[in-house]
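> Structure incoming, see below.
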Amino acid sequence: MKTKNLLPLLVAALLLLMLPLCAAAEAQQWKVTYYDSDGQTALLEIEVADGETAPDVTLEKSGYTLSGLFVTPALLRPFDPEMPITQDTSLFAAWDSAAVDERPWMIAGSLAGYPENNWGHAWPQDDFLFKKVEGALNTYEYELNLYAGDEFKIAVIDENYGWHDNIGGSALTDSKAMTGGEDAFNSGSNIKVIETGKYRLTLLTDAETLSLCKLSYERIGEADAAEFSFLFQIQGDFNGWGENPEDNLMEQDGDNYAWSAKLSVPKDELWTFGVKNLATGDWYDLRKVDPSAAANFVIAEGDWTVSLEIVIENDVVTVTSFTVEQDA
């Protein structure tokens with residue numbers, strides 16, 4: 001075969017080899033879609049080369065200012081503008097509303113220095129409401145003593161103890177002296193105090209988007225000595241979870257920080273229960289001793305003794321013994 005007859009074949013072969021490369025080059029463009037805070041309304045769509053960062057874009061919404069971009073519609077995980085784009089990506093815009101927030105924000109928790117708060121079971125609420133900062137939009141402050149182990153949220157609570165909005169651990173701007181604690185009422189983590197002190201809490205709210213609310217704090221001094229109150233009640237399915245606050249109270253051993261109570265479970269029954277400090281609203285269970293333990297106790301037919309012992313050191317309550325034992 002002559003050489004000149006091979007040339008068209010070689011050219012055709014090269015073209016075939018180049019086609020996948022061209023297709024791959026075309027495929028290395030990723031779509032970045034910017035959504036409104038409702039998670040559905042597309043505001044802008046652009047293409048970004050594989051491995052490149054998304055360019056700065058201008059997003060506008062009448063009556064609002066853009067506060068940031070997030071990678072989830074819940075607006076909890078901020079978008080890192082330095083992140084390389086390696087796949088189709090959805091971003092969600094968060095907006096600061098100019099609307100004035102008139103909600104009565106209240107601190108509610110298990111507060112060693114304020115047992116009367118009792119997770120917001122306080123009415124009137126005046127002593128526990130955040131105060132507006134004059135001249136600052138939707139900014140509130142509150143000063144109080146906090147003790148290591150305290151847990152709380154900031155919430156809008158009505159007279160019937162209905163929670164309408166609440167702000168927890170995800171709103172913290174700093175986690176050195178406070179961090180996310182247990183989940184209360186299946187509504188996100190509490191704020192748990194790590195370092196005892198007197199604090200000024202500053203709450204910045206958004207009138208329309210709860211997830212944009214932020215809580216910062218400043219330790220402004222030493223906390224006053226805490227005055228602890230204890231009134232332990234066994235609450236379970238057998239007594240309507242403490243429906244009558246005078247039933248199944250634990251008896252204190254004189255002035256010692258030790259309490260006990262007797263339970264008698266009828267034949268063929270199983271009782272599920274926990275122990276609650278009625279003075280503060282704080283629950284006590286085996287998780288106070290072992291964080292991996294179950295939240296409630298379950299006991300079967302028979303006579304049982306429930307015993308609880310604590311110590312208080314440096315304004316911190318520690319459970320030293322918690323037992324549920326069947327009587328001999």
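> Residue by residue through the stretch 169-184, note down the ones that are surrounded by 15 or more Cβ atoms within 10 Å (Cβ to Cβ) and not in a strand (DSSP E or B).
Passing the criteria: 169, 170, 171, 177, 184.
> Is it true that some residue in the stretch 114-136 is part of a strand (DSSP E or B), in the same structural domain as residue 159 (by TED's automatic domain parsing) and aromatic (Phe, Trp, Tyr)?
no
> Residue check: is residue 237 surrounded by fewer than 21 Cβ atoms within 10 Å (Cβ to Cβ), of a type outside the set (A, V, I, L, M) and more than 30 Å from residue 253 (Cα to Cα)?
So residue 237 fails the test.
> OK, next. Does the stretch 185-201 hold any residues that are surrounded by fewer than 16 Cβ atoms within 10 Å (Cβ to Cβ) and modelled with pLDDT under 90, and which are they?
Once the filter is applied, which keeps residues that are surrounded by fewer than 16 Cβ atoms within 10 Å (Cβ to Cβ) and modelled with pLDDT under 90, the stretch 185-201 yields 185, 186, 187.
> Continuing with the same structure: Could you please let me know if residue 261 is touching a residue at least 24 places away in the same chain (Cβ under 8 Å), surrounded by 14 or more Cβ atoms within 10 Å (Cβ to Cβ) and more than 32 Å from the chain's Cα centre (by Cα)?
Details: touching a residue at least 24 places away in the same chain (Cβ under 8 Å): yes; surrounded by 14 or more Cβ atoms within 10 Å (Cβ to Cβ): yes; more than 32 Å from the chain's Cα centre (by Cα): yes.
Yes; evaluated as a whole, the condition is true for this residue.
> Suppose we filter 162, 168, 197, 221 for residues that are farther than 26 Å from residue 63 by Cα and in contact with a Ser or Thr (Cβ under 7 Å, 6 or more places away or on another chain); which single one remains?
None of the others qualify; the one that does is 168.
> In the stretch 301-314, which residues are of a type in the set (Asp, Glu) and either outside the structural domain of residue 288 (by TED's automatic domain parsing) or in contact with a strand residue (DSSP E or B) (Cβ under 9 Å, 6 or more places away or on another chain) (or both)?
Going through the stretch 301-314, the residues of a type in the set (Asp, Glu) turn out to be 301, 303, 309, 313.
Within the stretch 301-314, 301, 303, 309 qualify.
> Considering (1) surrounded by fewer than 19 Cβ atoms within 10 Å (Cβ to Cβ); (2) in contact with a Phe, Trp or Tyr (Cβ under 8 Å, 6 or more places away or on another chain); (3) within 17 Å of residue 167 (Cβ to Cβ), say which one residue 59 fails and leave the rest.
Unmet for residue 59, out of (1) surrounded by fewer than 19 Cβ atoms within 10 Å (Cβ to Cβ); (2) in contact with a Phe, Trp or Tyr (Cβ under 8 Å, 6 or more places away or on another chain); (3) within 17 Å of residue 167 (Cβ to Cβ): (3).
> Taking the condition of being in contact with a Ser or Thr (Cβ under 7 Å, 6 or more places away or on another chain) and either crowded, with 22+ Cβ neighbours inside 10 Å or within 16 Å of residue 192 (Cβ to Cβ) (or both), how many residues in the stretch 112-124 meet it? Steps first, please.
To start, the set of residues in the stretch 112-124 that are in contact with a Ser or Thr (Cβ under 7 Å, 6 or more places away or on another chain) comprises 115, 118-119.
If we keep only those that are either crowded, with 22+ Cβ neighbours inside 10 Å or within 16 Å of residue 192 (Cβ to Cβ) (or both) too, we end up with 119.
Of the residues in the stretch 112-124, 1 are in contact with a Ser or Thr (Cβ under 7 Å, 6 or more places away or on another chain) and either crowded, with 22+ Cβ neighbours inside 10 Å or within 16 Å of residue 192 (Cβ to Cβ) (or both).
> Would it be correct to say that residue 145 is modelled with pLDDT of 95 or more, buried (at least 19 other Cβ atoms within 10 Å of the Cβ) and polar (S, T, N, Q)?
Values: modelled with pLDDT of 95 or more: yes; buried (at least 19 other Cβ atoms within 10 Å of the Cβ): yes; polar (S, T, N, Q): yes.
Answer is yes for this residue.
> Only one of 254, 281, 242 is more than 17 Å from residue 300 (Cβ to Cβ), in the same structural domain as residue 305 (by TED's automatic domain parsing) and touching a His at 6+ places or on another chain (Cβ under 8 Å); which? Even if it seems obvious, please write down each step before you answer.
Details: 254 fails: touching a His at 6+ places or on another chain (Cβ under 8 Å); 242 fails: touching a His at 6+ places or on another chain (Cβ under 8 Å).
Answer to the selection: 281.
> Restricting attention to the stretch 217-237, does a residue exist that is in contact (Cβ under 8 Å) with a residue 40 or more places away in the chain, more than 18 Å from residue 119 (Cβ to Cβ) and among the hydroxyl-bearing types (Ser, Thr, Tyr)?
Scanning the stretch 217-237 turns up at least one residue that is in contact (Cβ under 8 Å) with a residue 40 or more places away in the chain, more than 18 Å from residue 119 (Cβ to Cβ) and among the hydroxyl-bearing types (Ser, Thr, Tyr).
> I've got another one for you. Let me spell it out: the conditions are (1) within 20 Å of the chain's Cα centre (by Cα); (2) outside the structural domain of residue 205 (by TED's automatic domain parsing); (3) crowded, with 20+ Cβ neighbours inside 10 Å, and residue 93 meets all of them except one. Which number is the exception?
For residue 93, the exception is condition (1).
> Also: Is one or more of the residues making up the stretch 148-168 outside any strand (DSSP E or B), out of contact with any Asp or Glu (no Cβ under 9 Å at 6 or more places or on another chain) and over 20 Å from residue 121 (Cα atoms)?
The answer is no; no qualifying residue exists.
> Of the numbered conditions (1) without any contact (Cβ under 8 Å) to a residue 60 or more places away in the chain; (2) farther than 30 Å from residue 128 by Cβ; (3) within 25 Å of the chain's Cα centre (by Cα), residue 54 fails exactly one; give the number of that condition.
Going through the list (1) without any contact (Cβ under 8 Å) to a residue 60 or more places away in the chain; (2) farther than 30 Å from residue 128 by Cβ; (3) within 25 Å of the chain's Cα centre (by Cα), residue 54 breaks only (3).
> Taking interchain pairs and intrachain pairs at least six residues apart, which have beta carbon atoms under 6 angstrom, with the first residue in the stretch 267-295 and of a type in the set (Asp, Glu) and the second crowded, with 18+ Cβ neighbours inside 10 Å and assigned to a strand (DSSP E or B)?
282/110; 285/274
The values are calculated or read from the model by the stated rules, or taken from the named source; none is laboratory data. Just so you know, these numbers come straight off a predicted model, no measurement behind them. When we count neighbours, we look across all protein chains shown, and the Cβ atoms used for this are built from the backbone with ideal geometry, even at glycine.
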